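The values are calculated or read from the model by the stated rules, or taken from the named source; none is laboratory data. For clarity, every value in this text was computed on a predicted model and none was experimentally measured. FYI the Cβ positions are ideal-geometry reconstructions off the backbone, even for glycines, and counts take in every protein chain you see. Side chains included, ligands, DNA and RNA excluded: accessible areas come from the protein's heavy atoms. Shrake-Rupley method; radii C 1.70, N 1.55, O 1.52, S 1.80 Å.
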Amino acid sequence: MMLYILLILAGIVVIAYAVLNYYPAFGGKHSNEKRAIYAQSPQYRNGKFENQLQTGWDTSFSSMISMMMDFLKGNPERRPRAAVPMVSFSPKVNRDSAAKVTWFGHSAFLLEIEGKTILFDPMFGKAPTPFPVRNQRYSMELPFRIEELPVIDAVVFSHDHYDHLDFGSIMKLKGKVKQYITPLGVGAHLERWGIPSENIQEHDWWNEFTFEGLKLACTPARHFSGRGITDRNSTLWCSWVIIGRDTKVYFSGDGGYGPHFKEIGEKYGPFDLTLMECGQYDARWAAIHMLPEETVQAHQDVKGKLLIPVHWGAFTLSLHAWHDPVERAVRAAEESGVEIATPRIGETVSVGSLEIPNLSWWRMNEVRHL
């Protein structure tokens, strides 16, 4: 009997090792040469990337118990009771002078600027996990077919978590993307999935570079990274600045509130548009995910004009009601005199337009109470 138990345990260990090392969704690993390059980064210490500020979350016994109780108690509003409404998106190249942004739910969006198409954090899969069997997307489908997308000039990533870097989405986008732009270390995942290294750029915080006539800057965020059990903080996380002739755009990526927002605002602001993380938060882990009121404050810190809250509306990754992020952000924006747009999934926002989508579509009866 003991022999059988040992054989079963050995089999479990072998299977776990094989999955972690050979299942492609977990991504790639860094060579010693790459680690030597990353060691030159001011953000890289003792073999890991670090934040500007000490960053963690409450892991005390009382916090763990309260979190467990909250999960067990449940919240019927954590997911919408019907598929959320979408606007059908027609994938065509925009040659207009005005910059446009189309939000696809969570943090995925398409920026069309000066004839260029830049896709950010394109998580188009059904669920943000390596094994997508639970936590399904609210909208059930996308407002477009990936196969119908035009050639994308660049795909830009903020970090390597599953709700931002999705294996299945990258495989479907292959052949449509000219360039992939990532923070340090994330390129290893793309190379594992067959993207040629010459099509991948990796950048450290405060790196500035030119892409197709646009100025981009990789800027700080307060978060963490990792896709497996042993690779915590082995890649960098970031926010992004995009500057055209007439338009400045800022994307926060994921992260908690911190002084980096004011630093970015002083160096690159003001911004015509910001897309700021707003969702999947909790007071117990506010250091890595902003509360909605902090989202509005961060928008003001970077000197933003129009705010679009992202990182909500697609998946349930926290305990709050699914519509809570946008409702709190709208309320905070109104109290602070901040202009805020609330597009539906697939709806395009023209930067500088007087017509800004502000419909409270999440309150519609067919979404909340069907």
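Summary of computed values
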quantity: Strands (runs of 3 or more DSSP E) lying entirely in segment 176-246 (those with 1 or more residues that are buried (at least 16 other Cβ atoms within 10 Å of the Cβ) and touching a helix residue (DSSP H, G or I) at 6+ places or on another chain (Cβ under 9 Å)); calculated: 177-183, 200-203, 214-219, 239-243
quantity: Any hit, segment 280-295, residues being more than 19 Å from the chain's Cα centre (by Cα) and within 23 Å of Lys215 (Cβ to Cβ); calculated: no
quantity: Matching helices (runs of 4 or more DSSP H) fully within segment 264-370 where at least 3 residues are among the aliphatic types (A, V, I, L, M) and touching a Pro at 6+ places or on another chain (Cβ under 7 Å); calculated: 324-336
quantity: Condition met for Ser41 (at pLDDT below 90, over 30 Å from Ser139 (Cβ atoms) and either hydroxyl-bearing (Ser, Thr, Tyr) or open to solvent by 80 Å² or more (accessible area, probe 1.4 Å) (or both)); calculated: no
quantity: Pair list, Cβ under 7 Å, 6 or more apart: segment 330-341 residue free of Cβ contacts under 8 Å to residues at least 40 places away in the same chain and more than 13 Å from Thr295 (Cα to Cα), other residue among the polar types (S, T, N, Q) and open to solvent by 30 Å² or more (accessible area, probe 1.4 Å); calculated: Ala341/Asn358
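For (1) closer than 25 Å to Gly269 by Cα; (2) open to solvent by less than 20 Å² (accessible area, probe 1.4 Å); (3) in contact with a Cys (Cβ under 8 Å, 6 or more places away or on another chain); (4) modelled with pLDDT of 95 or more, each residue gets a yes or a no:
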| site | (1), (2), (3), (4) |
| --- | --- |
| Ile288 | yes, yes, no, yes |
| Glu293 | yes, no, no, yes |
| Ala298 | yes, yes, no, yes |
| Lys303 | yes, no, no, yes |
| Gly313 | no, yes, no, yes |
| Leu319 | no, no, no, no |
| Asp324 | no, no, no, yes |
| Val330 | yes, no, no, yes |
| Ser336 | yes, no, no, yes |
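To keep it simple, each residue is scored yes or no on (1) assigned to a loop (DSSP other than H, G, I, E, B); (2) in contact with a Pro (Cβ under 8 Å, 6 or more places away or on another chain); (3) open to solvent by less than 40 Å² (accessible area, probe 1.4 Å).
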site	(1), (2), (3)
Thr117	no, yes, yes
Pro122	yes, no, yes
Gly125	yes, yes, yes
Phe131	yes, no, no
Ser139	yes, no, yes
Phe144	yes, yes, yes
Pro150	yes, yes, yes
His161	yes, yes, yes
